[in-house]
1. For segment 30-69, which residues satisfy the criterion of being in a loop (DSSP other than H, G, I, E, B) and at negative phi?
2. Note down all Cβ pairs under 6 Å where the first residue falls in segment 140-166 and is open to solvent by less than 30 Å² (accessible area, probe 1.4 Å), the second is of a type in the set (Gly, Ala, Ser) and at pLDDT below 90, and they're at least six residues apart or on different chains.
3. Considering (1) modelled with pLDDT of 80 or more; (2) charged (D, E, K, R); (3) not in a helix (DSSP H, G or I), say which one Glu253 fails and leave the rest.
4. Given (1) loosely packed, with under 14 Cβ neighbours inside 10 Å; (2) of a type in the set (S, T, N, Q); (3) at pLDDT below 85, where does Ser236 come up short, assuming only one miss?
5. Only one residue in Ala28, Ala34 is farther than 20 Å from Ser173 by Cα and modelled with pLDDT of 85 or more. Which one?
6. For segment 317-334, state whether one or more residues are in contact with an Asp or Glu (Cβ under 6 Å, 6 or more places away or on another chain), at pLDDT 85 or above and open to solvent by less than 50 Å² (accessible area, probe 1.4 Å).
7. Take the residues in segment 164-183 that are more than 30 Å from Arg359 (Cβ to Cβ) and among the aliphatic types (A, V, I, L, M), then tell me which one is modelled with the lowest pLDDT.
8. Picking from Gln186, Gln133, Gln161, which residue would you name as being out of contact with any Asp or Glu (no Cβ under 7 Å at 6 or more places or on another chain) and at pLDDT below 75?
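The values are calculated or read from the model by the stated rules, or taken from the named source; none is laboratory data. A quick note: this is a predicted structure, and the numbers were derived from the prediction, not measured. No Cβ is skipped: glycine too gets one built from the backbone with ideal geometry, and neighbour counts run over all protein chains shown. Note: accessible area is taken over every heavy atom of the protein model, side chains too, but ligands, DNA and RNA are not part of it. Shrake-Rupley method; radii C 1.70, N 1.55, O 1.52, S 1.80 Å.
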Amino acid sequence: MLFASFGAAASLALLPLALVPALAWETAPYGVKAALCLLLWAALTGVVGLARTTRRVLVASARRLLAVPLPAPAATGPTGADRWRTPLWLVLQVALGWTALLLGGLLLAMGVALPGDWTRSEAGVTLFNWSVQVSGAWSWVLAAACILLALLVCVLVTNAQRWLAPRLLGPSSAERLALAAEREQQLAERNRLAHELHDSIGHTLTAATIQAAVAGEVLAADPAAARAALRSIEESTRAALEDLDYVLGVLREEQAGTAPTRTLADLPELLDRLRHAGAVVQPELSADLTQVQGTLSRAAYRILQEGLTNALRHGAGGPIAVRVAAGPDGLELSVLNRTGTGPSAFPTSGHGLPGLAERVRLLNGEFEAGPDGAQHWRLAVRLPVRQSA
């Protein structure tokens, strides 16, 4: 009822424009003028409903005032015949609003006025040459009936709007597809961010834990090595904080800064941090890493970062062999480490390798991870993307 009343009140701003042609046609009968005014009023109201902003306001108002679960309109908006659903809703809302205001107001006024003459023993109502005379207690009965009818009108108008809202303000078939595509894109972006956060924070915490242990062991005997380990912790955690700030900004839908980019050019720095953690790294880099650019280079860095993190967490010590081979048709990556026999000191989430496999699949690459002989674990990836010149 309140929603319909707002629509009726807002439509008054268009009434003067609708009256102009009717007033200009002086010779027309009164009925023709009234019909022309109503038609123009409805047409102007419908034109307002064509604006995309109007639909957004109506959807938000229907959700709040009618408690109808309507999704937010898609960014593309309705097309074709679906564009006329909002104007139709607006015209019906105004019509229902004026019906509720006039009919409900009339019935309510009758319900209040009829008992006022009970002390004079008789009351009457005259409307359009129709009159009724009541007296005594019947005036109270008729007044109660009028009030109940006014309430019924309000209920019917509200239910009519709740029935119409999903059909006229709800998403069309094309909008449902657009909303599903937007939702899929949001989920894909969130999954990508989750992978980035897992790789960055997971590696940093693993390396920092090991480096802190190394610094504690050599603090008295080799202060220089302890300071180097602490500097490495500082550098790695600062990089992780940059990644964390960016991801949280995106998840909060704030204006996030530029995404931190880690590429194969940063691989030597990553290997140095592992050496500061006490790991023995044997790199085999057969190409100039700076020549590999774009998505390929960023994905390769994250894949190697996750592979090296797993080697630190679950390996049994010994050297970690890292191989990067860039060819004319793609990029080959591998990490080989000794496997441990006892329980790992680090818990596992179970998302690392599946996340890597998904990342490689999106790049149409080949992924392999598993035992390599009796004492080694091997991660091998091939990304079939041409090397950038």
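1. Matches in segment 30-69: Leu50, Ala51, Leu66, Val68, Pro69.
2. Ala143/Gly111; Cys146/Gly111; Ala150/Gly104; Val153/Ala100; Val153/Gly104; Val157/Ala4; Val157/Ala100; Ala165/Ala62
3. (1)
4. (1)
5. Unique residue meeting the criteria: Ala34.
6. Looking through segment 317-334, at least one residue is in contact with an Asp or Glu (Cβ under 6 Å, 6 or more places away or on another chain), at pLDDT 85 or above and open to solvent by less than 50 Å² (accessible area, probe 1.4 Å).
7. Ala174
8. Being out of contact with any Asp or Glu (no Cβ under 7 Å at 6 or more places or on another chain) and at pLDDT below 75 holds for just one of Gln186, Gln133, Gln161, which is Gln186.
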